[in-house]
Structures are given as structure tokens and as C-alpha cells.
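The block underneath contains the structure these notes are about, expressed in C-alpha cells.
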Amino acid sequence: EPDVTIVSGLKDMVVYEGDDVTFRCQVSHENARDVEWKLQDVALQNNEMNEISVEKGKIHTLTLRKVTEQDIGTIAFRVGPHTSTA
């Protein structure tokens, strides 16, 4: 399998409590495996509060719904050995 790298990393975001926020990270190859999203070192799962998806095969997105003060912290996207944070 080709080594998947991060082409376009995460950007820092300022969000108001109760709003949704979306983070995007573009990778070099489609169908990347070994992908993980974290908030403050806690792995995130796709559920009603966190929407994790892939657009156009290479753009991985994480949407946090109705953020609260508890959501403040570092978001990390990892693919294989490569990581981007915001």
C-alpha cells in the first residue's frame, strides 16, 4: 500500500458555545486506512455529537455538534505515522 501523507492539515478554529464546528484534513490517497480523530487525546467515534466522514475520497472531516466548554482543547487527525493538530 502507498504511504498516505497529509496534504492539507487542520486549521485552528474559534467557536461559540452551542455552535457546530468542522475540521478538515486532506490526505494524499483515497481509501486511507489507519485514520483516527482525537479530542484532547481521547479517540472520537462517529455518533450524534461527532460526525466523521470522508469527502471526495481524500478529505477527512470531523464535525463537532453543539460544542460546550468541555470541547475546548486540541483536535488531532492521524493517518499512519502522520499527525495534524489544531
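Rule-based calculations on the coordinates, nothing more; no lab input. Because the structure is predicted, anything quoted here is derived from the model rather than measured. Backbone-built Cβ (ideal geometry, glycine too); neighbour counts: all protein chains shown.
Points worth noting:
- Each principal axis of the Cα cloud of the chain was evaluated for its coordinate range; sorted largest first, these ranges are 41, 20, 19 Å.
- Normalising the average separation of contacting C-alpha pairs (under 8 angstrom, six or more residues apart) by the number of residues puts the relative contact order of the chain at 38 percent.
- Estimated FRET transfer efficiency (residue 41, residue 7; beta-carbon r; R0 30 Å; 0.05): 0.80
- Take the Cα of residue 54, step 7 Å toward its Cβ, do the same at residue 24, and the gap between the two points is 1.7 nm.
- Residue-wise HN-Hα couplings along the stretch 38-49, as the Karplus relation 6.51 cos²θ - 1.76 cosθ + 1.60 with θ = phi - 60° gives them from phi, are 9, 10, 6, 6, 9, 5, 9, 10, 6, 8, 5, 9 Hz; Gly and Pro carry x.
- Under the criterion of Cα pairs below 8 Å and six or more residues apart, the relative contact order for the stretch 1-51 equals 32 percent.
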